[in-house]
Amino acid sequence: PVFGSVMTTLLALVFAVPLAFGIAFWLVEMAPAMVAGPIGMAVQLLAAVPSIIFGMWGFFVIVPVMAHYVQPWARLHLGHIPGVGMFFQGAPYGTGMLTAGLVLAVMVTPFVCAVMRDVFVAMPAQIRESAYGLGATRWEVMRSVTLPWSRPALIGGIMLGMGRALGETMAVTFVIGNTNRIGWSLFSPGNTIASLIALEFPESPAGSLKLASLLALGFILMVISFLTLACSRLLLRRGGA
(Lines give C-alpha, C1' and ligand atoms only; values in the text may rest on other atoms or scores of the structure.)
Protein backbone atom coordinates (compact mmCIF):
# COMPACT_ATOMS: atom_id res chain seq x y z
CA PRO A 1 0.00 0.00 0.00
CA VAL A 2 2.82 2.46 0.72
CA PHE A 3 4.41 1.70 -2.65
CA GLY A 4 1.05 2.09 -4.40
CA SER A 5 0.33 5.42 -2.70
CA VAL A 6 3.70 6.88 -3.67
CA MET A 7 3.62 5.45 -7.20
CA THR A 8 0.13 6.67 -8.08
CA THR A 9 0.83 10.10 -6.60
CA LEU A 10 4.00 10.51 -8.66
CA LEU A 11 2.22 9.38 -11.82
CA ALA A 12 -0.61 11.82 -11.14
CA LEU A 13 1.82 14.72 -10.72
CA VAL A 14 3.71 13.77 -13.89
CA PHE A 15 0.48 14.17 -15.87
CA ALA A 16 -1.24 16.91 -13.86
CA VAL A 17 1.51 19.51 -13.41
CA PRO A 18 2.32 20.04 -17.15
CA LEU A 19 -1.40 19.98 -17.98
CA ALA A 20 -2.26 22.48 -15.24
CA PHE A 21 0.62 24.75 -16.26
CA GLY A 22 -0.43 24.65 -19.90
CA ILE A 23 -4.04 25.51 -19.06
CA ALA A 24 -3.02 28.33 -16.71
CA PHE A 25 -0.55 29.72 -19.25
CA TRP A 26 -3.14 29.66 -22.02
CA LEU A 27 -5.83 31.27 -19.85
CA VAL A 28 -3.58 34.10 -18.64
CA GLU A 29 -1.40 34.84 -21.65
CA MET A 30 -3.20 33.71 -24.79
CA ALA A 31 -6.95 33.23 -24.37
CA PRO A 32 -9.33 36.17 -25.04
CA ALA A 33 -10.99 37.58 -21.93
CA MET A 34 -14.45 36.41 -23.06
CA VAL A 35 -13.16 32.83 -23.35
CA ALA A 36 -10.72 32.73 -20.42
CA GLY A 37 -13.38 33.51 -17.82
CA PRO A 38 -15.87 30.73 -18.61
CA ILE A 39 -13.19 28.10 -19.27
CA GLY A 40 -11.32 29.00 -16.10
CA MET A 41 -14.55 28.72 -14.13
CA ALA A 42 -15.31 25.34 -15.74
CA VAL A 43 -11.88 24.00 -14.82
CA GLN A 44 -12.31 25.14 -11.22
CA LEU A 45 -15.76 23.55 -11.03
CA LEU A 46 -14.14 20.16 -11.66
CA ALA A 47 -12.76 20.39 -8.13
CA ALA A 48 -16.33 20.17 -6.81
CA VAL A 49 -17.06 16.83 -8.51
CA PRO A 50 -17.24 14.01 -5.91
CA SER A 51 -14.41 11.52 -6.04
CA ILE A 52 -16.75 8.58 -6.53
CA ILE A 53 -17.93 10.17 -9.80
CA PHE A 54 -14.33 10.26 -11.01
CA GLY A 55 -13.98 6.64 -9.96
CA MET A 56 -17.06 5.56 -11.90
CA TRP A 57 -15.92 7.58 -14.92
CA GLY A 58 -12.52 5.94 -14.74
CA PHE A 59 -14.01 2.47 -14.42
CA PHE A 60 -16.53 2.75 -17.27
CA VAL A 61 -14.54 4.98 -19.66
CA ILE A 62 -10.80 4.92 -18.95
CA VAL A 63 -10.46 1.23 -18.05
CA PRO A 64 -11.94 -0.07 -21.37
CA VAL A 65 -9.77 2.34 -23.37
CA MET A 66 -6.68 1.23 -21.49
CA ALA A 67 -7.54 -2.46 -21.88
CA HIS A 68 -8.40 -2.38 -25.58
CA TYR A 69 -6.00 0.20 -26.98
CA VAL A 70 -3.33 1.70 -24.70
CA GLN A 71 -1.99 -1.33 -22.86
CA PRO A 72 -1.82 -3.71 -25.88
CA TRP A 73 -0.10 -1.01 -27.97
CA ALA A 74 2.40 -0.17 -25.23
CA ARG A 75 3.18 -3.82 -24.56
CA LEU A 76 3.69 -4.53 -28.27
CA HIS A 77 5.86 -1.52 -29.10
CA LEU A 78 7.58 -0.72 -25.80
CA GLY A 79 7.62 -4.00 -23.91
CA HIS A 80 10.77 -5.29 -25.63
CA ILE A 81 12.96 -2.22 -24.99
CA PRO A 82 15.75 -3.08 -22.51
CA GLY A 83 15.41 -1.26 -19.21
CA VAL A 84 12.07 0.24 -20.15
CA GLY A 85 10.06 -2.79 -21.16
CA MET A 86 9.49 -3.91 -17.57
CA PHE A 87 7.24 -0.88 -17.05
CA PHE A 88 4.87 -2.04 -19.79
CA GLN A 89 4.47 -5.75 -19.03
CA GLY A 90 1.35 -7.48 -17.78
CA ALA A 91 -2.06 -8.57 -18.99
CA PRO A 92 -4.23 -5.79 -20.46
CA TYR A 93 -6.95 -5.73 -17.84
CA GLY A 94 -7.28 -1.94 -17.99
CA THR A 95 -6.89 -1.44 -14.25
CA GLY A 96 -3.57 -0.75 -12.60
CA MET A 97 -1.16 1.93 -11.44
CA LEU A 98 -1.21 3.94 -14.67
CA THR A 99 -5.00 4.06 -14.81
CA ALA A 100 -5.16 5.21 -11.19
CA GLY A 101 -2.52 7.84 -11.92
CA LEU A 102 -4.52 9.17 -14.87
CA VAL A 103 -7.73 9.42 -12.85
CA LEU A 104 -5.87 11.16 -10.01
CA ALA A 105 -4.28 13.54 -12.51
CA VAL A 106 -7.72 14.62 -13.73
CA MET A 107 -8.79 15.11 -10.11
CA VAL A 108 -5.83 17.22 -8.95
CA THR A 109 -5.42 19.29 -12.13
CA PRO A 110 -8.16 21.81 -11.15
CA PHE A 111 -6.49 22.47 -7.78
CA VAL A 112 -3.02 23.01 -9.25
CA CYS A 113 -4.36 24.99 -12.21
CA ALA A 114 -6.40 27.31 -9.99
CA VAL A 115 -3.36 28.15 -7.87
CA MET A 116 -1.13 28.69 -10.91
CA ARG A 117 -3.67 30.90 -12.63
CA ASP A 118 -4.23 33.07 -9.55
CA VAL A 119 -0.48 33.49 -9.09
CA PHE A 120 0.08 34.42 -12.72
CA VAL A 121 -2.74 36.98 -12.57
CA ALA A 122 -1.44 38.41 -9.29
CA MET A 123 1.96 39.20 -10.77
CA PRO A 124 2.50 42.99 -11.06
CA ALA A 125 1.76 44.14 -14.59
CA GLN A 126 4.81 46.42 -14.61
CA ILE A 127 7.19 43.47 -14.41
CA ARG A 128 5.54 41.64 -17.28
CA GLU A 129 5.25 44.76 -19.42
CA SER A 130 8.90 45.60 -18.83
CA ALA A 131 9.91 42.21 -20.20
CA TYR A 132 7.69 42.68 -23.24
CA GLY A 133 9.23 46.12 -23.72
CA LEU A 134 12.67 44.52 -23.95
CA GLY A 135 11.47 42.34 -26.82
CA ALA A 136 10.76 39.10 -24.96
CA THR A 137 8.15 36.69 -26.31
CA ARG A 138 5.26 35.34 -24.28
CA TRP A 139 7.09 32.10 -23.53
CA GLU A 140 10.29 33.95 -22.60
CA VAL A 141 8.34 36.17 -20.21
CA MET A 142 6.70 33.12 -18.63
CA ARG A 143 9.94 31.15 -18.38
CA SER A 144 12.36 33.88 -17.30
CA VAL A 145 10.13 36.33 -15.40
CA THR A 146 6.81 34.88 -14.26
CA LEU A 147 8.02 31.44 -13.14
CA PRO A 148 10.93 32.71 -10.98
CA TRP A 149 8.67 35.35 -9.43
CA SER A 150 5.88 32.90 -8.61
CA ARG A 151 7.96 29.80 -7.77
CA PRO A 152 7.06 29.61 -4.04
CA ALA A 153 3.34 29.74 -4.77
CA LEU A 154 3.69 27.20 -7.59
CA ILE A 155 5.44 24.78 -5.25
CA GLY A 156 2.59 25.26 -2.80
CA GLY A 157 0.04 24.47 -5.50
CA ILE A 158 1.89 21.33 -6.52
CA MET A 159 2.08 20.23 -2.88
CA LEU A 160 -1.68 20.85 -2.59
CA GLY A 161 -2.26 18.52 -5.52
CA MET A 162 0.12 15.94 -4.07
CA GLY A 163 -1.75 15.95 -0.77
CA ARG A 164 -5.04 15.52 -2.63
CA ALA A 165 -3.65 12.55 -4.55
CA LEU A 166 -2.11 10.88 -1.49
CA GLY A 167 -5.38 10.85 0.44
CA GLU A 168 -7.76 9.94 -2.39
CA THR A 169 -9.82 6.82 -1.68
CA MET A 170 -12.86 5.95 -3.79
CA ALA A 171 -11.60 7.02 -7.21
CA VAL A 172 -8.46 4.91 -6.78
CA THR A 173 -10.40 1.96 -5.39
CA PHE A 174 -12.41 1.70 -8.63
CA VAL A 175 -9.45 1.51 -11.02
CA ILE A 176 -6.27 0.33 -9.28
CA GLY A 177 -7.09 -3.37 -9.07
CA ASN A 178 -6.94 -3.71 -5.24
CA THR A 179 -4.18 -6.30 -5.01
CA ASN A 180 -1.60 -6.53 -2.23
CA ARG A 181 1.51 -6.75 -4.36
CA ILE A 182 4.43 -4.65 -5.60
CA GLY A 183 4.92 -4.55 -9.35
CA TRP A 184 7.10 -2.20 -11.35
CA SER A 185 4.86 -2.45 -14.39
CA LEU A 186 2.59 0.55 -14.89
CA PHE A 187 -0.18 -1.86 -15.82
CA SER A 188 0.12 -4.08 -12.75
CA PRO A 189 -2.71 -3.96 -10.20
CA GLY A 190 -2.03 -2.76 -6.69
CA ASN A 191 -3.56 -0.69 -3.92
CA THR A 192 -2.95 2.41 -1.85
CA ILE A 193 -3.14 3.05 1.86
CA ALA A 194 -6.42 4.92 1.55
CA SER A 195 -8.05 2.34 -0.73
CA LEU A 196 -6.98 -0.57 1.49
CA ILE A 197 -8.35 1.11 4.60
CA ALA A 198 -11.65 1.83 2.84
CA LEU A 199 -12.03 -1.79 1.71
CA GLU A 200 -10.86 -3.61 4.83
CA PHE A 201 -11.96 -1.37 7.69
CA PRO A 202 -15.64 -2.54 7.75
CA GLU A 203 -14.45 -6.15 8.11
CA SER A 204 -11.94 -5.48 10.90
CA PRO A 205 -13.22 -6.53 14.35
CA ALA A 206 -12.53 -4.23 17.27
CA GLY A 207 -9.28 -5.07 19.01
CA SER A 208 -8.03 -7.30 16.20
CA LEU A 209 -4.57 -7.28 14.67
CA LYS A 210 -6.13 -6.37 11.33
CA LEU A 211 -7.66 -3.21 12.75
CA ALA A 212 -4.38 -2.30 14.40
CA SER A 213 -2.57 -2.78 11.10
CA LEU A 214 -5.00 -0.51 9.29
CA LEU A 215 -4.56 2.16 11.96
CA ALA A 216 -0.80 1.82 11.58
CA LEU A 217 -1.17 2.32 7.82
CA GLY A 218 -3.17 5.46 8.50
CA PHE A 219 -0.37 6.72 10.71
CA ILE A 220 2.18 5.95 7.97
CA LEU A 221 0.06 7.97 5.51
CA MET A 222 0.08 10.88 7.96
CA VAL A 223 3.88 10.61 8.25
CA ILE A 224 4.24 10.61 4.45
CA SER A 225 2.05 13.71 4.23
CA PHE A 226 4.11 15.38 6.95
CA LEU A 227 7.37 14.60 5.15
CA THR A 228 5.90 15.97 1.93
CA LEU A 229 4.99 19.21 3.68
CA ALA A 230 8.43 19.40 5.28
CA CYS A 231 10.12 18.97 1.89
CA SER A 232 7.98 21.71 0.39
CA ARG A 233 8.86 24.07 3.24
CA LEU A 234 12.53 23.28 2.71
CA LEU A 235 12.25 24.02 -1.02
CA LEU A 236 10.49 27.29 -0.29
CA ARG A 237 13.18 28.28 2.19
CA ARG A 238 15.93 27.55 -0.31
CA GLY A 239 14.04 29.44 -3.00
CA GLY A 240 13.68 32.44 -0.74
CA ALA A 241 17.39 32.35 0.11
With +1 at each Lys and Arg Cβ and -1 at each Asp and Glu Cβ, the charge dipole magnitude of the chain around its Cα centre, to the nearest 20 debye, comes out at 420
So what's the gap between the Cα centers of region 32-76 and region 172-188, to the nearest angstrom?
19
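From largest to smallest, what semi-axes in whole angstrom does region 1-106 give when each is the square root of 5 times an eigenvalue of its alpha carbon gyration tensor?
Numbers: eigenvalues 183, 56, 37 Å².
Equivalent-ellipsoid dimensions as semi-axes: 30, 17, 14 Å.
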Residue 184 versus residue 139, label points 7 Å from Cα toward the beta carbon: distance in nm?
3.4
What is the percent carbon and sulfur in the accessible area of the chain, measuring with a 1.4 Å probe over the protein chains and ignoring ligands?
73
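Quick one: net charge of residue 40's neighbours, Cβ under 14 Å, K/R +1, D/E -1? Write down the numbers at each step before the final one.
Numbers: positive: 117; negative: 29, 118.
It works out to a net charge of -1.
Using per-residue counts of other Cβ atoms within 10 Å, averaged over each peptide, order 6-19, 160-173 from highest down. Can you show the working numbers first?
On the way: 6-19: 19.9, 160-173: 22.4.
Ranked by mean Cβ neighbours within 10 Å, highest first: 160-173, 6-19.
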Taking a label point 7 Å from the Cα of residue 199 along Cα-to-Cβ, the residues of region 66-99 whose backbone nitrogen sits under 14 Å from it are 95-97
Find the Cα radius of gyration of the chain, compare it with 2.2 N^0.38 Å by division, and give the number to two decimals.
1.15
Report the percentage of all Cα-Cα pairs in region 35-88 whose separation exceeds 18 Å, rounded to a whole percent.
59
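How much accessible area per residue does region 149-218 have, counting only protein heavy atoms and a probe of 1.4 Å, in square angstrom? Display every interim value, and only then the final one.
Values: 3250 Å² over 70 residues.
Using a 1.4 Å probe on heavy atoms only, each residue of region 149-218 averages 46 Å².
Once the piece of chain linking residue 229 and residue 31 is laid out straight, how much longer is it, given 0.36 nm per residue of separation minus the C-alpha distance between them? Numbers along the way, then the final one.
Numbers: separation 198, 0.36 × 198 = 71.28 nm, distance 3.36 nm.
Full extension of this stretch gives 67.9 nm more.
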Pairwise label distance in nanometres, residue 89 with residue 206, each label 7 Å out on the Cα-Cβ vector:
4.7
Heavy atoms only, probe 1.4 angstrom, no DNA, RNA or ligands counted: give me 25, 111, 226 ranked by accessible area, highest first.
226, 111, 25
Mind pulling the angle between the C-alpha long axis of helix 2-25 and the longest principal axis of the chain? Nearest 10 degrees, somewhere in 0 to 90.
20
Which net charge results for the neighbourhood of residue 147, defined as the other residues with beta-carbon distances under 13 angstrom from its beta-carbon, given Lys and Arg at +1 and Asp and Glu at -1?
+2
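Tell me the relative contact order for the chain as a rounded percent, counting alpha carbon contacts under 8 Å between residues six or more apart. Present the calculation step by step, with values, prior to reporting the outcome.
Details: 313 pairs, mean separation 71.7, N = 241.
About 30 percent, as a whole number.
The values are calculated or read from the model by the stated rules, or taken from the named source; none is laboratory data. What you see is a predicted model, and the numbers here were worked out from it, not measured in a lab. With ideal geometry, Cβ positions are generated from the backbone for all residues, glycine too; neighbour counts draw on all protein chains shown. With ligands, DNA and RNA removed, areas are computed over all heavy atoms of the protein, side chains included. Shrake-Rupley method; radii C 1.70, N 1.55, O 1.52, S 1.80 Å.
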